[in-house]
Amino acid sequence: KVPLRTCVVSNEKCEKKDLLRVVRNNEGMVFVDDTNRANGRGAYLKKDRDVILKAQKNKILDRVFEMEVPEDVYTNLLGEVNE
């Protein structure tokens with residue numbers, strides 16, 4: 001059985017390996033979770049440049065985490081997609 005998760009931007013169900021995970025931990029830090037195992041509130045984004053730019057423009061992660069997400073998180077996400 002393949003684990004499926006939903007992208008918070010496109011609402012598509014995708015395999016975990018096709019998604020990037022962003023986490024807000026208990027201290028209120030928001031970061032890209034490379035291990036997919038970090039503790040905290042997680043949100044999944046599809047590995048697609050357009051999806052990440054849409055999340056940044058519409059402040060979707062700000063709404064999901066109920067706080068302002070730093071710009072370097074989006075920079076890290078775009079870096080992950082370009083690799």
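The values are calculated or read from the model by the stated rules, or taken from the named source; none is laboratory data. Not measured: the values here are computed from a predicted model. Note that each Cβ is placed from the backbone with ideal geometry, even for glycine, and that neighbours are counted across all protein chains shown. Areas reflect the complete protein model, heavy atoms only, side chains present, ligands, DNA and RNA absent. Shrake-Rupley method; radii C 1.70, N 1.55, O 1.52, S 1.80 Å.
Find the residue count for the stretch 40-72, including only residues that are buried (at least 17 other Cβ atoms within 10 Å of the Cβ), within 12 Å of Val8 (Cβ to Cβ) and of a type in the set (S, T, N, Q).
0
Could you check the stretch 17-34 and list, in sequence order, the residues that are open to solvent by less than 50 Å² (accessible area, probe 1.4 Å) and either part of a helix (DSSP H, G or I) or aliphatic (A, V, I, L, M) (or both)? Break it down into steps so the answer makes sense when it comes.
Initially, the stretch 17-34 is screened for residues open to solvent by less than 50 Å² (accessible area, probe 1.4 Å), giving 19-23, 25, 28, 30, 32-33.
Correct list: Leu19, Leu20, Val22, Val23, Val30, Val32.
Can you pull out the residues in the stretch 73-83 that are open to solvent by less than 40 Å² (accessible area, probe 1.4 Å) and closer than 20 Å to Glu12 by Cβ? Steps first, answer last, please.
Applying the first criterion (open to solvent by less than 40 Å² (accessible area, probe 1.4 Å)) to the stretch 73-83 yields 73-74, 77-79, 81.
Scanning the stretch 73-83 gives Tyr74, Leu77, Leu78, Val81.
Evaluate the following for Arg37: is it in a strand (DSSP E or B), open to solvent by 30 Å² or more (accessible area, probe 1.4 Å) and on the phi < 0 side of the Ramachandran plot? Spell out how you get there, then give the answer.
Numbers: in a strand (DSSP E or B): no; open to solvent by 30 Å² or more (accessible area, probe 1.4 Å): yes; on the phi < 0 side of the Ramachandran plot: yes.
Taking the combined requirement at face value, the residue does not satisfy it.
What single numbered condition from (1) within 14 Å of Leu78 (Cα to Cα); (2) out of contact with any helix residue (DSSP H, G or I) (no Cβ under 8 Å at 6 or more places or on another chain); (3) open to solvent by less than 60 Å² (accessible area, probe 1.4 Å) fails to hold for Cys14?
(1)
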